[in-house]
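The values are calculated or read from the model by the stated rules, or taken from the named source; none is laboratory data. Nothing here was measured: the structure is a model prediction, and the numbers come from that model. Reconstructed Cβ throughout: ideal geometry from the backbone, glycine too, with neighbour counts over all protein chains shown. These area figures cover heavy atoms from the full protein model, side chains too; ligands, DNA and RNA do not enter into them. Shrake-Rupley method; radii C 1.70, N 1.55, O 1.52, S 1.80 Å.
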Amino acid sequence: MEVKLLRHTPEPDKTVAMSARLCYSPIGAAELEEKMSDEQAVKLVHKLVSMGHFSPIEHVTFTFAIEGVSRVLTHQLVRHRIASYSQQSQRYVAEHNFENIMPPSIAAKPEAKAKFEKLMVDIQNLYNEFTDMGIANEDARYVLPNAAETKIVCTFNARSLMNFFSLRCCARAQWEIRALANKMLEECKKVAPILFENAGPTCVSQRVCHEGAMSCGRLAKLLEQDKLKK
């Protein structure tokens, strides 16, 4: 899996702070940008996130290039609707030598791994046979598996990313999209460290867990750590 942050709003932390300050200022955004110090921006962003005042963080966006993931993952990813997506098309891009993503649980069992690999070869052969018969890619693709590797570009605003991280960085999220979310969060923290300082599953960001009996137990450990810090 490869995740690259292609583009983002310049100075995202400061942009968020400036947007929030404008709501209560008689001067314009351009003048606010000139007068606001980095220290003031940091303090304000901390305050916004702690208060749950998220509308100003919608002003910054992040665009990612994602490769080496399965169609299983992207079917989940596009359920996050407040985002923009451009995915490699199986209609226009021939899959005569498609890569596949094998789950670790299958790879760990030699017999299961062998059967998985054989199935991928059989599917590849059938796909190639269909296209050799003159069947269009858009129809031959119906035999391709969810395991087929794909590539996608996606753009989120920071508020949508916060929601995405709260759901998909959770230990209960499916393993592949959880790995993606963690990589995306790592990239975000490089360019907007204050904004995403406490982003992640709700046990990290809000000190609550909604998984009930299926909780991984991380919240209890975090609360204990909080007590020791006081």
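Numbers below:
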read-out	value
Failed condition for Val204, given (1) open to solvent by 90 Å² or more (accessible area, probe 1.4 Å); (2) under 29 Å from His75 (Cβ atoms); (3) assigned to a helix (DSSP H, G or I); (4) at pLDDT below 90	(1)
Failed criterion for Arg79 (all others in (1) in a helix (DSSP H, G or I); (2) within 14 Å of the chain's Cα centre (by Cα); (3) more than 21 Å from Leu6 (Cβ to Cβ) hold)	(1)
When residues of segment 207-230 are limited to those that are outside any loop (DSSP other than H, G, I, E, B) and of a type in the set (A, V, I, L, M), the one most open to solvent (accessible area, probe 1.4 Å)	Leu228
When residues of segment 87-145 are limited to those that are of a type in the set (Val, Ile, Thr) and within 29 Å of Thr63 (Cα to Cα), the one most open to solvent (accessible area, probe 1.4 Å)	Val93
First in segment 106-133 and part of a helix (DSSP H, G or I), second anywhere and open to solvent by 60 Å² or more (accessible area, probe 1.4 Å) and among the acidic types (Asp, Glu), Cβ under 9 Å, 6 or more apart	Phe130/Asp139
Given (1) within 24 Å of Ile82 (Cβ to Cβ); (2) open to solvent by 40 Å² or more (accessible area, probe 1.4 Å); (3) among the small types (Gly, Ala, Ser), index of the condition Ala158 fails	(2)
Any pair with Cβ under 6 angstrom, 6 or more apart, that starts in segment 163-184 at a residue that is more than 16 Å from Met102 (Cβ to Cβ) and open to solvent by 60 Å² or more (accessible area, probe 1.4 Å) and ends at one that is of a type in the set (Ser, Thr, Tyr) and part of a loop (DSSP other than H, G, I, E, B)	none
